[in-house]
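This report refers to the structure that appears directly beneath it.
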Amino acid sequence: MEYEKPKCECGTDLVVRMDKIAEFEFAIKKDGRISKKGKRVTAFSQSNWGSLHCNKCGNIYEFNYDLIGQESFKFKREEQL
């Protein structure tokens, strides 16, 4: 069975929104302010929370994906939030 991208009830392809977490390091300047340029010290990590969004009508859905097998990491639409 071929994978089908998740679609909204209005027919638009859904996009994934996820929280991403990373740690940055900033130098302290001589005047006590934080430097504008920072250095990322940890890789981006994904939190376990996210949702599928429709950019056309604004609907939001839960998502699910398998961690193993042929369908691993392919997003599937679940219930509307």
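Take the Kirkwood radius over Cα pairs of region 1-40, plug it into Stokes-Einstein at 10 °C and 1.306 mPa s, and you get 109 µm²/s for translational diffusion. Peptides 25-36, 51-62, ordered by how many other C-beta atoms sit within 10 Å of their residues on average, highest first, read 51-62, 25-36. Multiplying the residue separation of Lys20 and Ser51 by 0.36 nm and subtracting their alpha-carbon distance yields 9.9 nm.
Throughout, read-outs are computed from the coordinates displayed, never taken from laboratory work. Predicted, not measured: the structure shown is a model, and the values here were computed from it. Note that each Cβ is placed from the backbone with ideal geometry, even for glycine, and that neighbours are counted across all protein chains shown.
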